[in-house]
Amino acid sequence: MSAGNRLLFFFIAWLIVLMPFWFWWNTWFGRRLSDQALTEYLNDDKHPRHIQQALVQLGDRMSRHDPSAVGWYPRLLRLTSYPVEEVRNTDAWILGQDTAGPGFHEALLQMLQDPSPVVRGNAALSLVRFGDAKGHSQIVALLQPAEISSPATGRVVDVDKVGTSIRQGGLLAKIQDGAQLLEVRSPVSGSVRRISVEPGTSVSAGADLVTVDPAPEAVWEALRALYLIGQPQDLSAVRFYQRNSPDIPERIRQQATLTEQAILRRARQ
């Protein structure tokens, strides 16, 4: 091998190692941001993930009662109506880190009307920190599976498999509607519980396609919130997560039991 080829080989090998690291470094939310970088990221409308990263780090400051976080509070309020769902979702959670934040309570109440179920759910969970149970129905909904229906009449080109883990916005199915190929995406993170159609079959608009169970993290937070604000009519949803199933982590079963006990205790009082 000539010297030039050796140099080219080592350069390519170096890029193969460097590029994944560079991608990880730029997308890892744990990388500490300076105050200047935090401001830049919070206002980086071209890169919504930068906004999310800044929100996560700002939330960490808020949870530690760092007074420097207050200067960015007006931006948090403006982000409640940001066009990117993932940003609003993170913002709803961060607003719950400081119950003394001016305008936070009112902003979260407005976010209960958000078109996204995950944003509404996070807003409801944050409201519990304010001692406000107005998001009770949204929290119970976090325990329920998501029923995804066909957006149009057409032929099923592809569909996911039972048991597949899926992230919010992940692809579940494809529907051929004439010349248009429609992608059906999950509104929540979780796992596929049931498939109601097979590839190659025809479906009508509104027909059941896929059922997605909520992710363990969402169930965990919902159960913790219902420990504080749950009502007797919630017990059936809570007890579902007490069953002995490999799909239910032990900590969730334990929390479901504690949540039931708390609800019954309040009912007796």
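On the basis of being crowded, with 17+ Cβ neighbours inside 10 Å, hydrophobic (A, V, I, L, M, F, W, C) and in a loop (DSSP other than H, G, I, E, B), does Leu143 make the cut? Spelling it out, Leu143 is indeed crowded, with 17+ Cβ neighbours inside 10 Å, hydrophobic (A, V, I, L, M, F, W, C) and in a loop (DSSP other than H, G, I, E, B).
Is it true that some residue in segment 54-62 is among the β-branched types (Val, Ile, Thr) and crowded, with 22+ Cβ neighbours inside 10 Å? Among the residues of segment 54-62, not one is among the β-branched types (Val, Ile, Thr) and crowded, with 22+ Cβ neighbours inside 10 Å, which makes the answer no. Determine, yes or no, whether Gln110 is at pLDDT 95 or above, surrounded by fewer than 16 Cβ atoms within 10 Å (Cβ to Cβ), farther than 20 Å from Asp213 by Cα and not hydrophobic (A, V, I, L, M, F, W, C). Judged against the criteria, Gln110 is a match.
Residue-by-condition table, conditions (1) under 22 Å from the mean Cα position of the chain (by Cα); (2) modelled with pLDDT of 95 or more; (3) β-branched (Val, Ile, Thr):
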position	(1), (2), (3)
Trp220	yes, yes, no
Ser245	no, no, no
Ile263	no, yes, yes
Arg268	no, no, no
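Would you check if there is a residue in segment 60-69 being closer than 23 Å to Gln138 by Cβ and part of a helix (DSSP H, G or I)? Yes, some residue in segment 60-69 is closer than 23 Å to Gln138 by Cβ and part of a helix (DSSP H, G or I). Note on segment 79-122: residues that are within 16 Å of the chain's Cα centre (by Cα), assigned to a loop (DSSP other than H, G, I, E, B) and not aliphatic (A, V, I, L, M) total 5.
The strands (runs of 3 or more DSSP E) falling completely within segment 169-269 include none with 3 or more residues that are surrounded by fewer than 12 Cβ atoms within 10 Å (Cβ to Cβ). Out of Gly30, Gly96, Gly71, one residue alone is at pLDDT 85 or above and loosely packed, with under 14 Cβ neighbours inside 10 Å. It is Gly71.
The values are calculated or read from the model by the stated rules, or taken from the named source; none is laboratory data. Remember, predicted model here, so these are calculated numbers, not experimental data. Quick reminder, even Gly has a Cβ in these numbers, built from the backbone with ideal geometry, and neighbours come from all protein chains shown.
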